[in-house]
Amino acid sequence: MRRWLLFSLLAITVALVMVGIVSLSAYFLAYRQPFQVPPWRDPLSMVDYARIDPALAVGGLGGVADKDLVAQALAEGRPDTAFAILVFSPSIDDRESAGDFLLLADRYRKNGRSEQATQSYRLAGTIATLSPDIPDTVRADTFIMAGEGLAELGEYGLAQLYLDQAYNVATASTYLQPATRRSLFQRLHKGYQAIGDRERARASLESSAQAFAPVTVPELPPVLPVADPPPLPLEVQQAEAQRWAAAQNLVEQLIVRGGRAPRQAVTALANALIAEDRVRLPYYDAQLSSALQLSAQISIVQARINWLAMKYRIARQGYGISLLPEWEAQVEVIRADLTKSYELLYALYADLIVAMPDADQIERATEEVLRREILAGTLGRYPNYPAQQRIAQLQQATAQLVQSRPRSEMRVVVLPYAGVDSFVLVDDTSFLAIVHD
């Protein structure tokens, strides 16, 4: 009896998923969004440098982890400082970044800063869409929270974009347990009601009442390894320690003097930064030329990117204070160096993927690295990345995955949502229908 009931539930679940997939395909090909969607803005262009608290931000140069500084900035009511850290920093992982942007958006919304709240919700949703490192349960929750917040702001177009994506995941993902799927549909029912989409609200309500079979297949982890930072020689460690000490001293002075920085403390930090740059970059270059393993080379280049990102932020006065006019005058040179390092990083990933022994791994890793590259470029961390070329390559790589691994993952497509090109997660059937439309 129990076995018969389990098979019945499984058959019902499969049937519902198949019906949902067909409806998703028809929906995206035929539906025209009635709301406006604002055009995408470069996140770096939204940083309000005058509102960055240097006494807090400079702590990042003194050894405090960026993720801890974001938490502190949010706790102390410094949302613009948190925004700057999140936009500039490549060291915070995608799951934490998405969650922090949601918290930041809520803070902006409560402070009556609607534009900043809207953009923060959008950045959280963009990370949830493109990142290959976030599980579907977290993606769907991020989409719904972004949709709910945007609906409260009256941004119904963007709210629908992310509610629709949560609906896609709730309908087509093969990794959601019944209680999670049911809860998502219940929240979607309320979310669609808030923006006046009665058809989707009703469909969500009906789906929440369905019986779903337990999921027994675990979600696969990313294929590509996370690069561990390379060990630093004593010379670089000493230079880093001197920079930390100078930054910590400057932070203390800023706090004591109410935000006014004594010239001597600023100069000491500037000198420490220059000294560290003179030993750190040559070390990375030397290690890169001698490293034999691709994984080691990737680790070195990622560390180089982290340093250049900090250097670029200093050149843009992204710490809320002018620290090094010399670097500010070289901002375009530093930006170009950062671009070249990202180009090298993804070239090394391509070499690593080609060397993989399994065809399935190669296909998954190719799609994965393209999503990471597009995300880095979309967030503004990878300047001048070749957007159209990479998006076309992602579409091709995803099409191959659909053929070799059907219904295994959600797929990324670019859709003109209310006339504005947006990244959207869809199922296999919808992906094929969209790309062949």
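None of the figures in this text is laboratory data; all of them are computed from the coordinates on show. Computed from a prediction, not measured in an experiment: that's the story for all the values here. Glycine also receives a Cβ, built like all others from the backbone with ideal geometry; neighbour counts cover every protein chain displayed.
Quick rundown of the values:
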read-out: Nearest 10 degrees, 0 to 90: helix 79-88 Cα axis against the chain principal axis; value: 90 degrees
read-out: Alpha-carbon centroids, region 191-247 and region 368-437: separation in whole Å; value: 18 Å
read-out: Rough spin-label spacing in nm, given labels placed 7 Å along Cα→Cβ, for ALA336 and HIS436; value: 4.6 nm
read-out: Contour minus Cα-Cα distance for ASN271 and GLN293 (0.36 nm per residue); value: 4.5 nm
read-out: Peptides ranked, highest mean first, by Cβ atoms within 10 Å: ranges 370-377, 60-67, 174-181; value: 370-377, 60-67, 174-181
read-out: Ascending count of other beta-carbon atoms within 10 Å, so fewest first, for HIS436, HIS189; value: HIS436, HIS189
read-out: Nearest-ten-degree value, helix 331-354 long axis tilted from longest Cα axis of the chain; value: 50 degrees
read-out: Calculated FRET value between ASN306 and ALA179, using beta carbons and R₀ = 30 Å, to 0.05; value: 0.15
read-out: Span per principal axis, largest first, for the Cα atoms of region 321-437 (Å); value: 54, 43, 21
read-out: Taking region 234-355 and dividing mean pair separation by its residue count, relative contact order in percent (alpha carbons under 8 Å, at least six apart); value: 21 percent
read-out: Mean Cβ count within 10 Å, highest first, over the residues of peptides 157-165, 233-241; value: 157-165, 233-241
read-out: Crossing angle, helix 234-256 versus the chain [Cα axis fit, 0-90 degrees, rounded to tens]; value: 90 degrees
read-out: Over region 234-355, volume per residue of the alpha carbon convex hull, in Å³; value: 101 Å³
read-out: Amide N of region 302-336 lying under 13 Å from the label point, which is placed 7 angstrom from the Cα of ASN384 along Cα→Cβ; value: 331-336
read-out: Rg and Dmax of the chain, Cα atoms only, in Å; value: 23.4, 81
read-out: Mean Cα-pair separation over length for the chain, i.e. relative contact order, pairs under 8 Å, 6 or more apart, %; value: 21 percent
